[in-house]
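Below is one structure, written out as structure tokens, with a few remarks after it.
The values are calculated or read from the model by the stated rules, or taken from the named source; none is laboratory data. Values in this document were obtained by computation on a predicted structure and should not be read as measured data. When we count neighbours, we look across all protein chains shown, and the Cβ atoms used for this are built from the backbone with ideal geometry, even at glycine.
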Amino acid sequence: MFPTDPVSNLAALIRCPSVTPAEGGALAALQSMLAPVGFKIDRVVAKEAGTPDIENLYARIGSDGPHLMFAGHTDVVPVGDEAAWSQPPFSAAIAGGEMYGRGAVDMKGGIACFVAAVARHIEKHGAPKGSISFLITGDEEGPAINGTVKLLEWAAARGERWDACLVGEPTNPGSIGDMIKIGRRGSLSGRITVHGVQGHAAYPHLADNPVRSILHLAQALMDPPFDDGTEDFQPSNLEVTTIDVGNTAVNVIPAKASAAFNIRFNDRWTAESLMAEIVARLDRAAAGDSPLRPGRAPARYEIAWNERPSHVFLTRDNALIESLSGAVGAVTGRQPQLSTTGGTSDARFIKDYCPVVEFGLVGKTMHMVDERVALADLEILTGIYETFIARWFGHAAA
């Protein structure tokens, strides 16, 4: 029986406790939905020393182009305080026209709808005029090491090539049809450590308090603004996310202090040019006379960059964007905003293989207690996806 009902599909997925890095039965449930439709399915386990093994799934129907990929993840974040949920978080309980469960919108709901949309398309029209694939990871909510990156590499090494990709993340802030993501800002993180001289708090002239320096350097990172935005992107923004000393004694000046930061940057920057700008700011601040430590020698600091920054990207594939925008309009009567706002997603990896956009459910309750989705929204999104599939293959085959 074809999995044409998104509500049933989602219930089956939610009932699988697939908290990263556990597969939890979610990929097996997805496999059982796709096999009757005619998909060839591979379960790929990716490994790397020092990280959990991750199960992923790649499924394809069709052998010719054009080739449309749907990408997403079945792993979910922890439920938090389970007692605070009004419905058990892995029960897929329905109350007030909504289905409750961890992953309902982020993003098992998107997967459930796309499965239903593909099944309906094939049921009505037969096999697609090309190929459709699912690239589903179990590591998006985790370190993202053994998930989409390695699954893409595995598939590409086998000769897989894609013409376009839709990621089913919950992109809509208020109602389905609000927003399509056509790009993402880049993301770069690092940690600065300032070295001082430990001493007695009553004798500061015999010590050098690194807390004073770390505050001065942190301020230099955040001010002035890096830019005022571009035509397609918000202003770049750096946030200091933690300042750490690890000092348990109130009468001891510590020997060192550190601060972590993250910057989301637009297309005025590359990761490399941004690193250079940040180092230049820190060098100026470290060498300058600070009101927090007047008359002192230049502050001694070092910086460590987190591995694998996310690079900014913007999708300009008109056939892909117009097919999806047109599908949204046909089903909802609304014109979606084309946006690059928000955080990041696995689209940052997919963009190296093919044009990619993101569109899914309303994200209001993602990662929250009582994460839930309106049953009506599942049907609307399935309709949009089904219309998009027909429109995209019509464009791509033209």
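For this structure, a couple of remarks:
- Residues of region 59-90 satisfying the condition of being at negative phi, surrounded by fewer than 18 Cβ atoms within 10 Å (Cβ to Cβ) and among the small types (Gly, Ala, Ser): Ser63, Gly65, Ala83, Ala84, Ser86
- Hey, His395 farther than 17 Å from Ile321 by Cβ and either of a type outside the set (S, T, N, Q) or in a helix (DSSP H, G or I) (or both) or not: no
- Between Ile192, Ile214, the distinction of being crowded, with 21+ Cβ neighbours inside 10 Å, in contact with a Ser or Thr (Cβ under 8 Å, 6 or more places away or on another chain) and part of a helix (DSSP H, G or I) belongs to Ile214 only.
- Among the residues of this structure, Gly25 counts as one that is small (Gly, Ala, Ser) and in contact with a Cys (Cβ under 7 Å, 6 or more places away or on another chain).
- Any hit, region 65-87, residues being part of a loop (DSSP other than H, G, I, E, B), hydroxyl-bearing (Ser, Thr, Tyr), in the same structural domain as Ala144 (by TED's automatic domain parsing) and closer than 25 Å to Val328 by Cβ: yes
- Screening Leu378 against (1) in a helix (DSSP H, G or I); (2) surrounded by fewer than 23 Cβ atoms within 10 Å (Cβ to Cβ) leaves a single unmet condition, (2).
- Qualifying strands (runs of 3 or more DSSP E) (wholly inside region 262-364; at least 1 residues being closer than 18 Å to Glu140 by Cβ and modelled with pLDDT of 95 or more): 356-358
- Residues within region 247-284 that are within 17 Å of Gly190 (Cβ to Cβ), surrounded by 15 or more Cβ atoms within 10 Å (Cβ to Cβ) and of a type in the set (Gly, Ala, Ser), tallied: 5
- Across region 40-58, the number of residues qualifying as in a strand (DSSP E or B) and surrounded by 13 or more Cβ atoms within 10 Å (Cβ to Cβ) comes to 11.
- Only one of Ala276, Ala347, Ala304 that is among the aliphatic types (A, V, I, L, M) and over 26 Å from Thr230 (Cα atoms): Ala304
- Residue, surrounded by the most Cβ atoms within 10 Å (Cβ to Cβ), within region 161-189, restricted to residues that are hydroxyl-bearing (Ser, Thr, Tyr) and closer than 11 Å to Ser345 by Cβ: Thr171
- Any hit, region 224-246, residues being among the small types (Gly, Ala, Ser), closer than 17 Å to Arg191 by Cβ, surrounded by fewer than 19 Cβ atoms within 10 Å (Cβ to Cβ) and in contact with a strand residue (DSSP E or B) (Cβ under 8 Å, 6 or more places away or on another chain): no
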